[in-house]
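What follows is a set of notes on a single structure, which appears directly below.
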Amino acid sequence: MIHYANWVSLGDKAKAKTAMGWLDAAIIVSSLTWWNIFSESFPAMTIPLNLLFLGAWYFIGARPQIHHINSDLKGRYLSRSWAKPLAASICFLLVLVSFVESPMDFASKLHDLPVEEAMNEAKSYVVGTWTYTATDYQFFVNEPLGLAKVNGWLKWVVNADGTMQMFRARPQHDNWGEGDKTTWTIKTGKYNNTGNRYYELAPKSLEFYQHIVITRDGRLEYKIDANHAVTLERGDRFPFSK
């Protein structure tokens, strides 16, 4: 926008029109970026796309103006203050952020709602893809010498229609595999030591002593047993090496 205004001030209508085209393209790219941020997964191409666009704009659109001002005008121009454009940008960013509800805000608010309303909100909240790719989860597999406990990763795809796919893979695998299909619902209860209410994702295939609780920071805590739990975060990840 500033480069467009500069070309207008310099009296070059053709280049001002080109700068407006870059501005339109920037709005489209930024809109796609924000849309992807709030989708269930953040595509790996989003950041490279932004960097590619920024590089193209700089070398094709911005650099000619910089060269013209530095080489042709050689200081024969009125330099205006950056205070107004920076202040406007900061105000716009603050307004935008005020409309964004983070997972932590939602999960904390969940516990302030009436139970029935909170159940419905939790049901909408858990829909999406959740993954765990750290090193604290272990499960049993059949090895040539018998049953063995191995390290593993988790991915759950929770669908709005009440179905769910649960993937479990070892780090030496090439992909997540096919996964197991099941159905799910939302349950609630209270901790027997504190009396605090919790809300949990409850797949039908889960063992009766295991729980998947929505934490106050917006993640899913998979309580495998009384002494062991791992936390899944929203987003689809592919941690396997090539």
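The values are calculated or read from the model by the stated rules, or taken from the named source; none is laboratory data. Only a predicted model underlies this, so the values are computations on that prediction, with no experimental measurement involved. Note that we place each Cβ from the backbone using ideal geometry, even for glycine, and neighbour counts take in every protein chain shown. Just the protein is used for accessible areas: all its heavy atoms, side chains included, with ligands, DNA and RNA removed. Shrake-Rupley method; radii C 1.70, N 1.55, O 1.52, S 1.80 Å.
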Query raised in the report: Given (1) modelled with pLDDT under 85; (2) surrounded by 10 or more Cβ atoms within 10 Å (Cβ to Cβ), where does S98 come up short, assuming only one miss?
Result: (2)
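To keep it simple, each residue is scored yes or no on (1) open to solvent by 90 Å² or more (accessible area, probe 1.4 Å); (2) in contact with a strand residue (DSSP E or B) (Cβ under 8 Å, 6 or more places away or on another chain).
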{"site": "D136", "(1), (2)": "yes, yes"}
{"site": "F139", "(1), (2)": "no, yes"}
{"site": "G195", "(1), (2)": "no, no"}
{"site": "R237", "(1), (2)": "no, yes"}
Requested in this report: Give me the pairs, please: first residue somewhere in the range 63-82 and more than 14 Å from Y4 (Cα to Cα), second residue anywhere and of a type in the set (A, V, I, L, M, F, W, C), beta-carbon distance under 7 Å, and either six or more positions apart or on two chains.
Outcome: Y77/I69
Report task. Just give me the residues in the range 107-132 being outside any helix (DSSP H, G or I) and among the charged types (D, E, K, R), in sequence order. Result -> D112
Report summary line: Output for Cβ contacts, cut-off 7 Å, separation at least six or different chains, first residue open to solvent by less than 60 Å² (accessible area, probe 1.4 Å) in the range 144-163, second charged (D, E, K, R) and assigned to a strand (DSSP E or B), reads G152/R168; L154/R168; T163/K181
Report summary line: Within the range 205-235, of all residues that are among the charged types (D, E, K, R) and exposed (fewer than 11 other Cβ atoms within 10 Å of the Cβ), the one nearest to Q138 (Cα to Cα) is D225
